[in-house]
1. Whole angstrom only: what separates the Cα centroid of the stretch 64-88 from the Cα centroid of the stretch 108-160?
2. Just to check I understand the Karplus step: with θ = phi - 60° and J = 6.51 cos²θ - 1.76 cosθ + 1.60, what whole-Hz values come out for the stretch 81-92, glycine and proline as x?
3. Determine the share of the stretch 102-160's accessible area contributed by carbon and sulfur atoms, expressed in whole percent, with a 1.4 angstrom probe.
4. Considering only the other residues whose Cβ falls under 13 Å of the Cβ of Tyr155, what net charge follows from Lys and Arg at +1 and Asp and Glu at -1?
5. Non-local amide H neighbours of Asp104 (under 5 Å, H modeled in plane, Pro and chain starts lacking H): which ones?
6. Multiply the residue separation of Gln63 and Val128 by 0.36 nm, subtract the distance between their alpha-carbon atoms, and state the gained length in nm to one decimal.
7. Using the Karplus equation 6.51 cos²θ - 1.76 cosθ + 1.60 (θ = phi - 60°), what ³J(HN,Hα) coupling, rounded to whole Hz, does each residue of the stretch 145-160 give in order, writing x for Gly and Pro?
8. Give the long-range amide H neighbours of Thr27: residues separated by 5 or more places, or on another chain, with amide H under 5 Å away, using H modelled in the peptide plane at 1.01 Å from N.
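The values are calculated or read from the model by the stated rules, or taken from the named source; none is laboratory data. Computed from a predicted structure; not experimentally measured. Cβ atoms come from the backbone with ideal geometry, glycine included; neighbour counts cover every protein chain shown. Side chains are part of the model used for accessible areas, which takes the heavy atoms of the whole protein and leaves out ligands, DNA and RNA. Shrake-Rupley method; radii C 1.70, N 1.55, O 1.52, S 1.80 Å.
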Amino acid sequence: MLSKIRVAIGACVLASTFAATEARAGTVAILEPTVTGGMSSQEAQRAIAQGHTVTMISAAQWQTMTEAQFSAYDALILGDPTCQVGDAAVSAAAANPAWAHAADGNVILIGSDPVFHYTYGGVYGAGVLMDRGIAFATAQQGTGRTGAYITLSCYYHFVS
């Protein structure tokens, strides 16, 4: 009888562990110029793999969106367009601060270019950084808070 109880307790603990780590579906918006490959980008594919619905938003659309429109998403992603130098990819974000006001949940700012490092040999660490960063930004989904996953790519590489 005692062994049956131990098995039952072990199964309950194991089941609750899997339930706690299971990805829940949420909505994610990506500023398209900040990723390489649109819906095929590392960021989009990793968000999809975690169970999220991804919307790619053009620079023109991003510039006209309201805080309420950004707040409708569980997370916003400004990714790494494979180490693009100069800030052209984020110009829409700079032109419309409504997205930043909407980001009132978990925000991660990565001062690097993980897609570049993933593409050029740093597969394991860069992939883990992207996966965990997106998971952190989306961890408050369903609470009315909007997270953000932001990489600085190489935008400011030559800035003193």
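1. The stretch 64-88 and the stretch 108-160 have Cα centres separated by 12 Å.
2. x, 6, 6, 7, 8, x, 9, 4, 5, 9, 4, 5
3. Details: 1840 of 3110 Å².
The value for the stretch 102-160 is 59 percent carbon and sulfur by accessible area.
4. On the way: positive: none; negative: Asp80, Asp87, Asp113.
My count for the surroundings of Tyr155 gives -3.
5. Counting only residues 5 or more places away or on other chains, the set is Thr146.
6. Numbers: separation 65, 0.36 × 65 = 23.40 nm, distance 3.07 nm.
That works out to 20.3 nm of additional length.
7. Values per residue, Gly and Pro as x: 9, 10, x, 8, 10, 10, 10, 8, 6, 10, 3, 10, 4, 9, 7, 7 Hz.
8. Sorted by chain and number, the residues that satisfy this are Thr53, Asp74, Ala75.
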